[in-house]
């Protein structure tokens, strides 16, 4: 699940930035999803009602409410869900076989709850919205150098089953509940540390780093090497300065484009296979406005394209029978030598592995170096 209201995922580990970004910084931390409220509806196992603890019931409900989605029928989703749920159930629990599980009672409870919410009056819905806004109001703002700025993504994402994009290999895995002990807070020295909203809990760490612009971060529960950050909103002055620097870098790039194109064209013939692949990748980024991509399965970038993302279509020429194959090959090589696009296409084809949609382009060059 990807939603801009929640924290932003990045692969860059937290650390000092490139110079002082602010002098004073105050904020109220992050808002956590409400604690789970057990509904007490029992699922069936081998036709019999089963007692579950609130924690076990919560994960079962995550799957049950998805019964009418495509995910609930995908083997990868089911396998990952059941593997993680078994860890919550414990090795001595009676539930051992997914095929004997019947989540229908919980699903029917879910449908009744949806219908109940639909039947709420306009006034009731308005009251709920106002109550939610009151709870969130203090988290929506930070004070940077005495100026009140809006926070962009102050909500911690609720626990759930990971979906991902496309046929993600981790779909169905449990996104555990994030606690204050997972979260590092960044705030100005001397400013009051945000109050921990969960009794008995405390923040993992409190930093006072004025060379970065993030307000809080924690490790992503699905990909622990990724980091989820809380930043100021896009309309903030700090974010505007960051965007300005990016645009300035793009403006400077304009003066180097011709040299870059000459270099990658020359590197099509480089003896070093890595240099050749960088040349092909740079060409495709230049001509097709693609991006390098990253280690995630989706969205796809140059470095992780599947064969189905970039199929190669060939035109078959009929030629007179008395023209030798040798002459034809010679002619084609002459054509290739003067056509950058055709040279790049030939090299691109050579870098591809296999013919199925599941095989990716040979990843000699990783996204970060590219």
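Segment residue 44..residue 99, full-extension length gain: 18.7 nm, with 0.36 nm per residue of separation and the alpha-carbon distance subtracted. Let a ≥ b ≥ c be the square roots of the eigenvalues of the Cα gyration tensor of the range 190-239; is it rounded (a/c under 1.5), or, if not, prolate (a/b larger than b/c) or oblate? Oblate, since a/c reaches 1.5 and b/c is not below a/b. In percent, rounded to a whole number, the relative contact order of the range 11-157 is 41, using alpha-carbon pairs under 8 Å and six or more apart.
Scaling the Cα radius of gyration of the range 44-118 by the globular reference 2.2 N^0.38 Å produces a ratio of 1.10.
Sequence-distant contacts, meaning Cα pairs under 8 Å at least 6 residues apart, place the relative contact order of the range 44-118 at 49 percent. Counting other Cβ atoms within 10 Å as a rough exposure proxy, the listed residues 122, 104 run 122, 104 from fewest neighbours to most. Anisotropy class assigned to the range 86-236 is oblate, per the alpha carbon gyration tensor with a/c at or over the 1.5 cut-off and a/b no larger than b/c. Modelled label positions at residue 51 and residue 128, each set 7 Å beyond Cα in the direction of Cβ, lie 3.2 nm from each other. Using 16 Å as the cut-off for backbone N distance, which residues of the range 17-51 belong to the label zone defined by a point 7 Å from the Cα of residue 67 along Cα→Cβ? Residues 39-50 fall inside that zone.
Using 0.36 nm per residue and subtracting the Cα-Cα separation, the extra length available between residue 237 and residue 83 on full extension is 50.9 nm.
Every read-out reported here was derived from the displayed coordinates using simple, explicitly stated rules and does not represent laboratory data. Just so it is clear, the structure is predicted and the values come from calculations on it, not from any experiment. Note that we place each Cβ from the backbone using ideal geometry, even for glycine, and neighbour counts take in every protein chain shown.
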